[in-house]
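Q: The structure that follows is given in the form of structure tokens.
The values are calculated or read from the model by the stated rules, or taken from the named source; none is laboratory data. No experiment lies behind these values; they were computed from the predicted model shown. Ideal geometry is used to build each Cβ from the backbone, glycine not excepted, and the neighbour counts take in all protein chains shown. Heavy atoms of the whole protein, side chains included, go into the accessibility calculation; ligands, DNA and RNA do not. Shrake-Rupley method; radii C 1.70, N 1.55, O 1.52, S 1.80 Å.
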Amino acid sequence: MRNSKVFPLYFAAVIVAVLAVAATPAFASTSKYVGIYSAEDPDATDATAPVGPTFSLSLGKDGSATVTQDAGKGSTTLFGHWAESGSQVTVKFDAVGEKPADAPMVFEPSHDGLHAVTWNHTLWGKTTPPVLKKEESNWHTYKKHGLL
């Protein structure tokens, strides 16, 4: 008789575990693309140099995405969601107020980061957005320099 009381608890625990796994986005813990990527004009450290393009991309574990870009005409930040499909990452932007959403951006892997294969040509003109390099987390930086 003792087993008949344990089975419902075991069964409920298994159901809760299965639901928790099913509710987690597929890319949340498995995508190599999760992280923060950025690019700056190489002369950005020289205060006397003209301002060059800057570009950053944040891909959250929850599927959220933030893109901040400045092709030299002023910085814009867009929010949206991202998805991985094969070797591409597509960011679809949220509409803001009455304004329709910007066209999606598509990125592909490059050495140590991502590069845009589709982007807002009105913003960037004939300039190709710079290649984005993945930033290390503070934990990895501290570990690499022996601070942990």
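Q: Would a scan of the range 121-130 turn up a residue that is at pLDDT 95 or above, part of a loop (DSSP other than H, G, I, E, B) and either farther than 16 Å from residue 36 by Cβ or open to solvent by less than 70 Å² (accessible area, probe 1.4 Å) (or both)?
A: First, the residues of the range 121-130 that are at pLDDT 95 or above: none.
No, there is no match, as no residue in the range 121-130 is at pLDDT 95 or above, part of a loop (DSSP other than H, G, I, E, B) and either farther than 16 Å from residue 36 by Cβ or open to solvent by less than 70 Å² (accessible area, probe 1.4 Å) (or both).
Q: Right, here's the next one. Considering each residue of the range 94-117, count those that are in contact (Cβ under 8 Å) with a residue 12 or more places away in the chain and part of a strand (DSSP E or B), and give that number.
A: 11
Q: Have a look at 86, 63 and point out the one that is buried (at least 17 other Cβ atoms within 10 Å of the Cβ), more than 14 Å from residue 37 (Cβ to Cβ) and of a type in the set (Gly, Ala, Ser).
A: 63
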